[in-house]
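The structure under discussion appears below in the form of structure tokens.
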Amino acid sequence: MLNPRQPTVAEAIAGLPRLLQLGRLAEAEAAARSLQRQFPERGDANEALALVLVNLNKHAEAFPFAEAAVKAEPRNAGYLINLGRLFLQYELIEEALPVLEKAFRIDPSMYQAPWAMGEFFHKTGNGQRAIRYLKQAIAASPPADKSDIEKLYADCLSSLDEIDEAERLYQALAAHERHRQFALVQIAGLRKHKTDSSIFETLQQELRTDANSPADLMRLHLAVGRIHENSGEYDKAFDHFKQSKSSLANEFDLGKFTTTVDNIIEDYQPDVLRRFEGYGDPSRLPVFVVGMPRSGTTLTEQIIAAHPKGGGAGELKRVGRMQQGLSEEKRPSHLFARLTEGGPERCRELATRYVSLLKFLAPGAKRVVDKMPHNFIALGFIAILFPNARIVHCVRNPADNFISAFQNPMHVNHGYSYAVEDYALYYKEYLRLMRHWQWLLPERIFTLRYEEMAASPEEKIRQMLEFLGLPWDSRVLRFHERGAMVKTFSRQQVRQAVHQGSVERWRNYEEQLRPLAGILKDEMGN
């Protein structure tokens with residue numbers, strides 16, 4: 001029972017956002033946990049703690065409290081929406097949809113319900129359905145949230161190549177101070193602008209302001225650099241790309257990555273595959289497209305998804321999370337111990353849930369692509385869980401690969417791509433690991449070289465389809481006509497047929513890339 005001099009539950013909950021706004025994070029969490037302990041059966045107390053934990057980026061800890069809130073009040077649309085969004089955050093997509101659909105059925109007039117449905121279909125690559133829900137959300141939303149929904153709506157339009165409408169929306173968003181720089185950068189990326197364009201001058205003005213955050217500076221420099229590149233001013237372009245990376249914190253540790261590769265090579269040997277035979281799901285559905293980011297993984301996924309029996313799931317984090325869930329230790333031998341403890345049934349259950357996700361995302365397909373590039377680190381784990389899966393390894397000239405990554409806003413997890421030498425040294429380790437996988441899994445990996453596919457697309461695509469067990473179908477050559485949603489940096493490239501326009505682009509930056517060419521002279525092939 002609350003002391004009369006203490007706030008009511010509702011008053012205590014109402015005070016939590018203020019604590020978060022003031023940066024009193026530990027105090028907010030302590031207050032929310034205390035409230036939940038006092039009233040563990042109340043939906044509002046559990047929901048309050050879940051929301052505080054989400055604001056503190058403790059999403060995994062938020063799950064049981066979000067679920068408890070829904071259990072206490074199963075027809076509370078707001079609680080359902082927040083639980084559905086948590087499921088979506090963790091790519092528990094099959095669990096997210098029924099929860100969000102229930103919220104929408106309970107209260108379709110609540111603008112957060114169609115907003116969350118729009119987020120779901122954006123996440124799962126169904127742009128047209130996302131747009132329908134987001135339009136409904138925009139019409140019902142208050143001014144405070146309308147622009148955030150419009151941002152997602154504009155991204156859907158851009159992903160579907162609806163450039164004119166996306167540009168109109170971004171121009172409107174640029175009127176909001178909170179979204180101005182983001183919107184201007186998006187406008188710059190919709191078309192190939194040159195230095196005589198009005199957007200170029202606007203971006204330069206934004207760069208001269210003092211209020212830019214590191215993330216704003218990164219985006220602005222990249223946008224200005226790409227316009228210089230479009231205008232043939234490559235030295236200026238590279239300088240801006242370089243400045244974009246210098247504004248970001250970079251914790252890349254080559255020694256740590258080298259140790260990781262050493263451990264993987266030492267621990268993943270043929271006896272391990274024999275030891276864990278029967279632990280996985282025998283489905284032939286999964287296709288893992290791996291390689292360095294910007295090596296052609298999106299293009300490869302779009303080609304396979306254009307086949308009548310193919311499907312694309314995008315970049316899924318599920319494999320990494322499964323591996324981490326089994327063992328947070330970096331050494332594979334620790335993972336093997338956990339697999340042994342769990343037994344084949346537990347391992348097979350994990351694999352089967354992943355296969356079910358692919359079926360959910362691409363119903364009726366015979367082969368479904370997960371194009372998370374850095375799954376190349378987990379190919380041994382993948383071989384255990386999915387013994388009949390196929391792996392397509394995308395390889396590109398490392399200099400072209402680097403310059404493409406360098407001019408895009410790569411996440412801090414890809415800090416190796418922020419400097420020429422770091423990238424070259426990381427690339428050597430990546431190739432060392434891939435050589436090991438090709439030795440260990442010779443029948444399961446198909447190497448697709450970007451330059452060879454650009455020169456002879458039909459020949460190389462035929463070879464890849466044969467490897468995947470799919471019959472030839474000429475529709476794969478017209479993948480760019482499908483109108484599919486593309487959410488990666490490769491949007492513009494995959495709206496065209498396979499071409500050689502991106503081959504040897506690094507020559508424009510030959511002087512700046514001399515260190516890379518020196519370190520990777522054998523891999524450069526010239």
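Only a single item in (1) under 24 Å from ALA305 (Cβ atoms); (2) in contact with a Leu (Cβ under 9 Å, 6 or more places away or on another chain) is not met by GLU429, and it is number (1).
Yes/no per residue for (1) within 27 Å of ASP145 (Cα to Cα); (2) surrounded by 15 or more Cβ atoms within 10 Å (Cβ to Cβ):
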position	(1), (2)
ARG168	yes, no
ARG178	yes, no
GLY189	yes, yes
HIS193	no, yes
LEU220	yes, yes
ASN230	no, yes
ASP235	no, no
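Under the condition of being among the aliphatic types (A, V, I, L, M), surrounded by fewer than 20 Cβ atoms within 10 Å (Cβ to Cβ) and within 16 Å of PRO387 (Cβ to Cβ), the residues counted in region 316-349 number 1.
Name the single residue, out of those in region 391-420 being over 21 Å from the mean Cα position of the chain (by Cα) and not in a helix (DSSP H, G or I), that is surrounded by the most Cβ atoms within 10 Å (Cβ to Cβ). Before the answer, list the steps.
Kept after step one, since they are over 21 Å from the mean Cα position of the chain (by Cα), are these residues of region 391-420: 397-400, 419-420.
Add one more test, that the residue is not in a helix (DSSP H, G or I), and what stays is 397, 419.
Working: ASN397: 22, ALA419: 19.
So, considering only residues that are over 21 Å from the mean Cα position of the chain (by Cα) and not in a helix (DSSP H, G or I), the one surrounded by the most Cβ atoms within 10 Å (Cβ to Cβ) is ASN397.
Here LEU357 clears all of (1) touching a Lys or Arg at 6+ places or on another chain (Cβ under 7 Å); (2) among the hydrophobic types (A, V, I, L, M, F, W, C); (3) not in a helix (DSSP H, G or I) except the condition numbered (3).
Before we move on, is LYS123 basic (Lys, Arg), in contact with a helix residue (DSSP H, G or I) (Cβ under 9 Å, 6 or more places away or on another chain), surrounded by fewer than 21 Cβ atoms within 10 Å (Cβ to Cβ) and closer than 18 Å to ALA96 by Cα? For LYS123, the condition - basic (Lys, Arg), in contact with a helix residue (DSSP H, G or I) (Cβ under 9 Å, 6 or more places away or on another chain), surrounded by fewer than 21 Cβ atoms within 10 Å (Cβ to Cβ) and closer than 18 Å to ALA96 by Cα - is met.
Taken together, the criteria place ASP216 among residues that are farther than 16 Å from TYR416 by Cα, assigned to a helix (DSSP H, G or I), touching a residue at least 12 places away in the same chain (Cβ under 8 Å) and under 22 Å from the mean Cα position of the chain (by Cα). Can you say whether GLY232 is of a type in the set (Gly, Ala, Ser) and assigned to a loop (DSSP other than H, G, I, E, B), as far as the supplied structure shows? Against the criterion (of a type in the set (Gly, Ala, Ser) and assigned to a loop (DSSP other than H, G, I, E, B)), GLY232 qualifies.
Candidates GLY225, GLY232, GLY278: the one that is at pLDDT below 95 and either over 22 Å from the mean Cα position of the chain (by Cα) or aliphatic (A, V, I, L, M) (or both) is GLY278.
Being surrounded by 24 or more Cβ atoms within 10 Å (Cβ to Cβ) and in a helix (DSSP H, G or I) is true for just one of LEU157, LEU152, LEU134. Which residue is that? Break it down stepwise before answering.
On the way: LEU157 fails: surrounded by 24 or more Cβ atoms within 10 Å (Cβ to Cβ); LEU152 fails: surrounded by 24 or more Cβ atoms within 10 Å (Cβ to Cβ).
Answer to the selection: LEU134.
If you scan region 313-325, which residues turn out to be out of contact with any Gly (no Cβ under 7 Å at 6 or more places or on another chain) and of a type outside the set (Lys, Arg)?
Initial filter on region 313-325 (out of contact with any Gly (no Cβ under 7 Å at 6 or more places or on another chain)): 313, 315-325.
Hits for region 313-325 are ALA313, GLU315, LEU316, VAL319, GLY320, MET322, GLN323, GLN324, GLY325.
Based on what the data block shows, is GLU177 charged (D, E, K, R) and under 25 Å from GLN302 (Cβ atoms)?
Numbers: charged (D, E, K, R): yes; under 25 Å from GLN302 (Cβ atoms): no.
No.
Looking at region 1-91, the helices (runs of 4 or more DSSP H) lying wholly inside it that each contain 1 or more residues that are surrounded by 21 or more Cβ atoms within 10 Å (Cβ to Cβ) and among the polar types (S, T, N, Q) sit at 25-38, 43-55, 77-89.
For region 204-212, indicate whether the set of residues that are within 29 Å of HIS480 (Cα to Cα) and either buried (at least 17 other Cβ atoms within 10 Å of the Cβ) or of a type in the set (Gly, Ala, Ser) (or both) is non-empty. I'd like the intermediate steps shown before the answer.
Initially, region 204-212 is screened for residues within 29 Å of HIS480 (Cα to Cα), giving none.
Checked region 204-212: no residue is within 29 Å of HIS480 (Cα to Cα) and either buried (at least 17 other Cβ atoms within 10 Å of the Cβ) or of a type in the set (Gly, Ala, Ser) (or both).
Suppose the filter is of a type outside the set (D, E, K, R), within 19 Å of SER246 (Cβ to Cβ) and under 19 Å from the mean Cα position of the chain (by Cα); does TYR423 pass it? Full working, then the answer.
Working: of a type outside the set (D, E, K, R): yes; within 19 Å of SER246 (Cβ to Cβ): yes; under 19 Å from the mean Cα position of the chain (by Cα): no.
Taking the combined requirement at face value, the residue does not satisfy it.
Considering the conditions (1) more than 30 Å from LEU220 (Cα to Cα); (2) free of Cβ contacts under 8 Å to residues at least 12 places away in the same chain, ASP253 is excluded by exactly one of them, (1).
The values are calculated or read from the model by the stated rules, or taken from the named source; none is laboratory data. Treat the numbers as computed from the prediction; the structure is a model and nothing was measured. No Cβ is skipped: glycine too gets one built from the backbone with ideal geometry, and neighbour counts run over all protein chains shown.
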